[in-house]
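**Q** Before I ask anything, here is the structure I am working with.
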Amino acid sequence: MNVIGKILILEDEKLNAERIQRLMGRIRPNMEIVGVLASVKKAVDWLAENKSPDLIIMDIQLADGLSFEVFNLTDVKCPVIFTTAYDEYAVKAFKYNSVDYLLKPVEEDELEAAVTKFENSV
Amino acid sequence: MDTREDLANVMEKSKAKSVLLIAFTFMGSYATLVIVYPYSFWRDYFSMSTSKLIIDVLVNLLFCVAIFRLSIFIDKILNKKISWMVHPIKRLLIQTIFQILGALFLIICLSYLYYKFGDLINTQTYHIGLRELLYTVISIILWALMISALNTGDFLLKNWKTATLKAAEYKIKAAENKQLVAEIELQALKLQLDPHFVFNNLSVLSELILKDQRLGYEYTENFTKVYRYLLINSKKKLVTLSEELKFLDAYLFLIKNRMGGGSIFQVNIDESKLDMLIPPVTLQLFIENALKFNRTEEENPLIVRIYSNDNDELVVFNTRLPLIKKPYSTGIGLKNIITRYALLCDRKPSVEETDEAFIVKVPLIKR
């Protein structure tokens, strides 16, 4: 059932990024975290230089702007799970390749449900 | 509006009013004379030579101007001594007496002039009876009183108008202030319930407890301090700078542990200013804005300086590192601080924005 996938994390707060990494390690130990990036610019550069990941887990507020800018600056080929502290961007997040929209602190059950949804859609 | 222009306008108006009143008196005087004097008088009158007629008319005009001036003068003097608002009856009596005396004085002067120089300017060809003379005197006095009444009426009307306008202005101002206070309270309430703030911190906290219990403990303590400060103080009008700085310490602790090295804060406040006052949560707003509008990358951190200057101001300076796209903002937070100050003191906050830096200065208020 568990597919092997490459996951990119966009998150500017270190502890929140660590939390996602830790939870992913528990629910999908065979998935690989290929990068943790703090800004839109780094994400755009990374996506230009590397093969597209299978899934991006994306915080909405990054160090240099809203993560929606990534979609405007480059072609995002994979699905996205958004994370945010509050739901004010939920409607906007719908417009992009979003699988799910998770509220912080991200709960293990919710993250697992979102990842399962992603796996089923592939 | 230009006040000089206003003043010129008012003077123009009062001049026009004077001319109108004099013309009114002048015509009125003839109207009264027509009633008082018999036909024979007018027949004789118009049989005078034109030059004499003109002189007579001019003398009459001069007399009207004199009566008018005297009336205005008495009014002006009494306005200073006895107010219509405080002693209306006393004022009415005194004004009437003075007007009558003034008019009599003028009549005596005029009669004297006629007596002395009458032959030079006007050979009296007509005879005036005692009755007519009495009528004339009475009508002149009545005219003097009428001018006085008109003038007073105008004065009272103007006063009433200004008073009404002032009352209306005051009402509007009071309503505006009430609305402002409500807005400020609403903003404070929003701040208390800001879900971003709460959940971001809780998210970090829960991870921190797993990673570093000691730090997790400290984070909880500081989060408590910050949240309690927001709840208790955001409704107050003013707090001491030292209270706000204690809050700032706890707030910056949270930010540093949440955001890492993306921002650097330098606080340098002169100790003598610690007892001065500022509206609560002012610093939090400026820092929140600095973080909201600028990049916070570890490679190129945002620098925020918070210091006091010699003009009794608190300064928040931050370098400018614009985001990829300018975030949407109503600017309500900063506007609110400025309006809050407008209600508190005469000094205003100032905002300075250059390509390199954003600087806000807020006055520190003396106890």
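The values are calculated or read from the model by the stated rules, or taken from the named source; none is laboratory data. Here the structure is a predicted model, which means the values were calculated and not measured. Heads up, the Cβs are rebuilt from the backbone with ideal geometry, glycines too, and the neighbour counts pull from every protein chain shown.
**Q** When residues of the range B:284-305 are filtered for being among the acidic types (Asp, Glu) and either crowded, with 21+ Cβ neighbours inside 10 Å or part of a strand (DSSP E or B) (or both), how many remain?
**A** 1
**Q** For the structure I just gave you, tell me whether B:Lys190 is part of a helix (DSSP H, G or I), among the basic types (Lys, Arg) and either more than 26 Å from A:Pro105 (Cα to Cα) or under 26 Å from the mean Cα position of the chain (by Cα) (or both).
**A** no
**Q** A further question follows. Filter the range B:47-66 for residues that are farther than 18 Å from B:Ala103 by Cα and part of a helix (DSSP H, G or I) and give the result.
**A** B:Thr50, B:Ser51, B:Lys52, B:Leu53, B:Ile54, B:Ile55, B:Asp56, B:Val57, B:Leu58
**Q** Another question, then. What residue, of B:Lys335, B:Lys292, is among the charged types (D, E, K, R) and within 14 Å of chain A (Cβ to nearest Cβ)?
**A** Every option except B:Lys292 fails the conditions.
**Q** Do we have B:Val304 as touching a Phe, Trp or Tyr at 6+ places or on another chain (Cβ under 9 Å), under 18 Å from B:Tyr341 (Cβ atoms) and more than 14 Å from chain A (Cβ to nearest Cβ) here?
**A** Taking the combined requirement at face value, the residue does not satisfy it.
**Q** Is it fair to say B:Asp44 is at pLDDT below 80 and assigned to a helix (DSSP H, G or I)?
**A** yes
**Q** So, one more: Which numbered condition trips up B:Gly333, out of (1) touching a helix residue (DSSP H, G or I) at 6+ places or on another chain (Cβ under 7 Å); (2) farther than 18 Å from B:Glu353 by Cβ?
**A** Exception for B:Gly333: condition (2).
**Q** Which condition number in (1) away from chain B (no Cβ under 14 Å); (2) on the phi > 0 side of the Ramachandran plot; (3) small (Gly, Ala, Ser) is the one that A:Ser52 fails?
**A** (2)
**Q** Being touching a strand residue (DSSP E or B) at 6+ places or on another chain (Cβ under 6 Å), more than 9 Å from every other protein chain (Cβ to nearest Cβ) and aliphatic (A, V, I, L, M) is the filter here, so list the residues in the range A:63-99 that pass it.
**A** A:Val80, A:Ile81, A:Ala90, A:Ala93, A:Val99
**Q** For the range B:267-283, give me each residue that is surrounded by fewer than 20 Cβ atoms within 10 Å (Cβ to Cβ), touching a Leu at 6+ places or on another chain (Cβ under 8 Å) and without any contact (Cβ under 8 Å) to a residue 60 or more places away in the chain.
**A** B:Val267, B:Ile269, B:Leu274
**Q** B:Tyr251 passes all but one of (1) within 14 Å of chain A (Cβ to nearest Cβ); (2) at pLDDT 90 or above; (3) closer than 27 Å to B:Ile303 by Cα; which number fails?
**A** Of everything listed in (1) within 14 Å of chain A (Cβ to nearest Cβ); (2) at pLDDT 90 or above; (3) closer than 27 Å to B:Ile303 by Cα, B:Tyr251 misses just condition (1).
**Q** When the range B:193-241 is examined, which residues are found to be touching a helix residue (DSSP H, G or I) at 6+ places or on another chain (Cβ under 9 Å), surrounded by 14 or more Cβ atoms within 10 Å (Cβ to Cβ) and among the polar types (S, T, N, Q)?
**A** Those that are touching a helix residue (DSSP H, G or I) at 6+ places or on another chain (Cβ under 9 Å), surrounded by 14 or more Cβ atoms within 10 Å (Cβ to Cβ) and among the polar types (S, T, N, Q): B:Asn200, B:Asn201, B:Ser203, B:Ser206, B:Thr220, B:Asn222, B:Asn233, B:Ser234.
**Q** Right, here's the next one. Within the set of pairs 6+ apart or on separate chains, which have a first residue in the range B:195-217 that is at the interface with another protein chain (Cβ under 7 Å from one of its Cβ atoms), a second that is hydrophobic (A, V, I, L, M, F, W, C) and part of a helix (DSSP H, G or I), and C-beta atoms under 7 Å apart?
**A** Correct list of pairs: B:Val204/A:Leu15; B:Glu207/A:Leu15; B:Leu208/A:Leu15; B:Leu208/B:Leu215.
**Q** Report every pair of residues separated by at least 6 positions or lying on different chains whose Cβ atoms are under 8 Å apart, first residue within the range A:9-35 and more than 10 Å from every other protein chain (Cβ to nearest Cβ), second of a type in the set (Lys, Arg).
**A** Short answer, once both residue conditions are applied: A:Met31/A:Lys6; A:Glu32/A:Lys6; A:Val34/A:Lys6.
**Q** Under the condition of being in contact with a Gly (Cβ under 7 Å, 6 or more places away or on another chain) and polar (S, T, N, Q), which residue from the range B:273-306 is nearest to B:Pro322 (Cα to Cα)?
**A** Looking at residues that are in contact with a Gly (Cβ under 7 Å, 6 or more places away or on another chain) and polar (S, T, N, Q), I get B:Thr296.
**Q** Of the numbered conditions (1) in a loop (DSSP other than H, G, I, E, B); (2) surrounded by 13 or more Cβ atoms within 10 Å (Cβ to Cβ); (3) in contact (Cβ under 8 Å) with a residue 24 or more places away in the chain, B:Lys325 fails exactly one; give the number of that condition.
**A** All conditions pass for B:Lys325, except number (3).
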